[in-house]
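Participant: Below is a structure I'd like to ask you about.
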Amino acid sequence: QVQLVESGGGLVQAGGSLRLSCTASGSTFSINTLGWYRQAPGKQRELVATISRSGAINYADSVKGRFPISRDNARNTVVLQMNNLEPEDTAVYYCHADVRRRDYWGQGTQVTVSS
(Lines give C-alpha, C1' and ligand atoms only; values in the text may rest on other atoms or scores of the structure.)
Protein backbone atom coordinates (compact mmCIF):
# COMPACT_ATOMS: atom_id res chain seq x y z
CA GLN A 1 0.00 0.00 0.00
CA VAL A 2 1.08 3.51 -0.79
CA GLN A 3 -0.40 6.73 0.52
CA LEU A 4 0.03 10.05 -1.26
CA VAL A 5 -0.40 13.44 0.40
CA GLU A 6 -0.39 16.58 -1.73
CA SER A 7 0.26 20.17 -0.76
CA GLY A 8 0.27 23.43 -2.65
CA GLY A 9 -2.24 24.69 -5.13
CA GLY A 10 -4.53 27.66 -4.75
CA LEU A 11 -5.59 30.73 -6.67
CA VAL A 12 -3.17 32.69 -8.85
CA GLN A 13 -3.36 35.22 -11.65
CA ALA A 14 -2.37 34.32 -15.19
CA GLY A 15 1.39 34.44 -15.59
CA GLY A 16 1.98 33.53 -11.98
CA SER A 17 3.54 30.45 -10.41
CA LEU A 18 2.52 27.72 -7.99
CA ARG A 19 4.36 24.75 -6.54
CA LEU A 20 2.74 21.37 -5.92
CA SER A 21 4.39 18.82 -3.67
CA CYS A 22 3.47 15.20 -3.01
CA THR A 23 4.90 12.91 -0.34
CA ALA A 24 4.52 9.16 -0.50
CA SER A 25 4.42 6.82 2.48
CA GLY A 26 3.95 3.11 2.98
CA SER A 27 5.60 0.68 0.57
CA THR A 28 7.63 3.41 -1.10
CA PHE A 29 10.45 1.09 -2.11
CA SER A 30 8.13 -0.42 -4.73
CA ILE A 31 7.19 2.87 -6.41
CA ASN A 32 8.32 3.16 -10.01
CA THR A 33 6.84 6.29 -11.53
CA LEU A 34 5.55 9.33 -9.65
CA GLY A 35 3.72 12.14 -11.32
CA TRP A 36 0.84 14.53 -11.69
CA TYR A 37 -2.45 14.38 -13.54
CA ARG A 38 -5.22 16.95 -13.71
CA GLN A 39 -8.93 17.06 -14.30
CA ALA A 40 -10.81 20.17 -15.37
CA PRO A 41 -14.60 20.46 -14.99
CA GLY A 42 -16.37 18.40 -17.62
CA LYS A 43 -13.15 16.88 -18.93
CA GLN A 44 -11.30 13.62 -18.50
CA ARG A 45 -8.30 13.30 -16.24
CA GLU A 46 -5.11 13.89 -18.21
CA LEU A 47 -1.40 13.44 -17.72
CA VAL A 48 0.62 16.51 -16.76
CA ALA A 49 4.08 15.10 -16.04
CA THR A 50 5.67 11.93 -14.71
CA ILE A 51 9.14 10.97 -13.54
CA SER A 52 10.49 7.48 -13.07
CA ARG A 53 12.73 6.28 -10.26
CA SER A 54 15.69 6.56 -12.64
CA GLY A 55 14.74 10.11 -13.61
CA ALA A 56 13.09 9.60 -17.00
CA ILE A 57 10.54 12.38 -17.51
CA ASN A 58 7.39 12.62 -19.60
CA TYR A 59 5.49 15.88 -20.11
CA ALA A 60 2.19 16.75 -21.71
CA ASP A 61 2.80 19.02 -24.70
CA SER A 62 0.70 21.74 -23.10
CA VAL A 63 3.06 22.14 -20.12
CA LYS A 64 6.48 21.53 -21.68
CA GLY A 65 8.86 24.31 -20.77
CA ARG A 66 6.52 25.67 -18.07
CA PHE A 67 6.08 22.90 -15.47
CA PRO A 68 9.37 21.25 -14.51
CA ILE A 69 8.96 18.10 -12.42
CA SER A 70 11.49 16.81 -9.92
CA ARG A 71 11.76 13.90 -7.53
CA ASP A 72 13.64 13.12 -4.34
CA ASN A 73 13.80 9.35 -3.89
CA ALA A 74 15.29 9.64 -0.40
CA ARG A 75 12.37 11.76 0.79
CA ASN A 76 9.77 10.03 -1.41
CA THR A 77 8.59 13.35 -2.78
CA VAL A 78 7.70 14.66 -6.20
CA VAL A 79 7.40 18.38 -6.94
CA LEU A 80 5.71 20.13 -9.83
CA GLN A 81 6.80 23.73 -10.27
CA MET A 82 4.13 25.47 -12.34
CA ASN A 83 5.29 28.66 -14.06
CA ASN A 84 3.62 31.06 -16.45
CA LEU A 85 0.22 29.66 -15.52
CA GLU A 86 -2.70 30.08 -17.90
CA PRO A 87 -6.46 30.01 -17.22
CA GLU A 88 -6.53 26.72 -19.17
CA ASP A 89 -4.41 25.17 -16.40
CA THR A 90 -7.32 25.47 -13.97
CA ALA A 91 -8.11 21.98 -12.68
CA VAL A 92 -7.86 19.61 -9.77
CA TYR A 93 -4.33 18.23 -9.75
CA TYR A 94 -3.75 14.66 -8.55
CA CYS A 95 -0.52 13.04 -7.47
CA HIS A 96 -0.08 9.56 -8.91
CA ALA A 97 2.16 6.61 -8.13
CA ASP A 98 2.74 3.54 -10.26
CA VAL A 99 3.47 0.61 -7.99
CA ARG A 100 4.07 -2.57 -9.96
CA ARG A 101 1.50 -1.39 -12.51
CA ARG A 102 -1.05 -0.59 -9.82
CA ASP A 103 -2.30 2.99 -9.61
CA TYR A 104 -2.38 5.04 -6.43
CA TRP A 105 -3.85 8.55 -6.25
CA GLY A 106 -3.72 11.48 -3.89
CA GLN A 107 -6.85 13.30 -2.80
CA GLY A 108 -6.35 16.12 -5.29
CA THR A 109 -5.61 19.81 -4.90
CA GLN A 110 -7.38 22.67 -6.67
CA VAL A 111 -5.45 25.04 -8.91
CA THR A 112 -7.36 28.05 -10.19
CA VAL A 113 -5.81 30.55 -12.61
CA SER A 114 -7.67 33.81 -13.12
CA SER A 115 -7.35 35.86 -16.29
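Participant: Looking only at region 44-57, which residues are closer than 24 Å to Leu11 by Cβ and touching a residue at least 40 places away in the same chain (Cβ under 8 Å)? If you could, list the steps in order and put the result at the bottom.
Facilitator: Applying the first criterion (closer than 24 Å to Leu11 by Cβ) to region 44-57 yields 44-49.
Result: Arg45, Val48.
Participant: Could you look through region 92-115, keep only residues that are closer than 15 Å to Val48 by Cα and hydroxyl-bearing (Ser, Thr, Tyr), and pick out the one that is least open to solvent (accessible area, probe 1.4 Å)? Outline the logic, then answer.
Facilitator: If we filter region 92-115 for residues that are closer than 15 Å to Val48 by Cα, which is where we start, we get 92-98, 105-106, 108-111.
With the extra rule that they be hydroxyl-bearing (Ser, Thr, Tyr), the set shrinks to 93-94, 109.
Numbers: Tyr93: 0, Tyr94: 37, Thr109: 20 Å².
Going through the qualifying residues, I end up with Tyr93.
Participant: Name the one entry in Ala60, Ala56, Ala24 that is within 14 Å of the chain's Cα centre (by Cα), hydrophobic (A, V, I, L, M, F, W, C) and more than 17 Å from Val2 (Cα to Cα). If you could, list the steps in order and put the result at the bottom.
Facilitator: Working: Ala56 fails: within 14 Å of the chain's Cα centre (by Cα); Ala24 fails: more than 17 Å from Val2 (Cα to Cα).
Every option except Ala60 fails the conditions.
Participant: Applying the selection to region 13-57, what residues are among the hydrophobic types (A, V, I, L, M, F, W, C) and either farther than 15 Å from Gln81 by Cβ or open to solvent by 20 Å² or more (accessible area, probe 1.4 Å) (or both)? Even if it seems obvious, please write down each step before you answer.
Facilitator: In the first step, residues of region 13-57 are kept if they are among the hydrophobic types (A, V, I, L, M, F, W, C); the result is 14, 18, 20, 22, 24, 29, 31, 34, 36, 40, 47-49, 51, 56-57.
Of everything in region 13-57, those that are among the hydrophobic types (A, V, I, L, M, F, W, C) and either farther than 15 Å from Gln81 by Cβ or open to solvent by 20 Å² or more (accessible area, probe 1.4 Å) (or both) turn out to be Ala14, Leu18, Ala24, Phe29, Ile31, Ala40, Leu47, Ala56, Ile57.
Participant: Related question: Out of the residues in region 58-67 that are in contact (Cβ under 8 Å) with a residue 12 or more places away in the chain and surrounded by 18 or more Cβ atoms within 10 Å (Cβ to Cβ), which is nearest to Gln81 (Cα to Cα)?
Facilitator: The initial filter retains those residues of region 58-67 that are in contact (Cβ under 8 Å) with a residue 12 or more places away in the chain, namely 58, 60, 62-63, 66-67.
Still in the list and also surrounded by 18 or more Cβ atoms within 10 Å (Cβ to Cβ): 63, 67.
Working: Val63: 11, Phe67: 5 Å.
In this case the residue turns out to be Phe67.
Participant: Pairs, please: C-beta under 9 Å, at least 6 apart or cross-chain, first residue under 11 Å from Gly9 (Cα atoms) and of a type in the set (Val, Ile, Thr) and in region 69-94, second assigned to a loop (DSSP other than H, G, I, E, B) and open to solvent by 50 Å² or more (accessible area, probe 1.4 Å)?
Facilitator: Thr90/Pro41; Val92/Pro41; Val92/Arg45
Participant: Here is a further query. Just the residues that are at pLDDT 95 or above and among the basic types (Lys, Arg), please, taken from region 78-101.
Facilitator: None; the set is empty.
Participant: Output the number of residues of region 68-91 satisfying the condition of being open to solvent by 40 Å² or more (accessible area, probe 1.4 Å) and aliphatic (A, V, I, L, M).
Facilitator: Residues that pass the stated criteria total 1.
Participant: Let me ask something additional. Just to be sure I understand, how many residues within region 29-40 are without any contact (Cβ under 8 Å) to a residue 40 or more places away in the chain and in a loop (DSSP other than H, G, I, E, B)?
Facilitator: Of the residues in region 29-40, 0 are without any contact (Cβ under 8 Å) to a residue 40 or more places away in the chain and in a loop (DSSP other than H, G, I, E, B).
Participant: Considering (1) in contact with a Cys (Cβ under 9 Å, 6 or more places away or on another chain); (2) free of Cβ contacts under 8 Å to residues at least 12 places away in the same chain, say which one Ala24 fails and leave the rest.
Facilitator: (2)
The values are calculated or read from the model by the stated rules, or taken from the named source; none is laboratory data. Just so it is clear, the model here is predicted, and its values are computed rather than measured. Ideal geometry is used to build each Cβ from the backbone, glycine not excepted, and the neighbour counts take in all protein chains shown. Heads up: the accessible areas ignore ligands, DNA and RNA and are worked out on the full protein's heavy atoms, side chains in. Shrake-Rupley method; radii C 1.70, N 1.55, O 1.52, S 1.80 Å.
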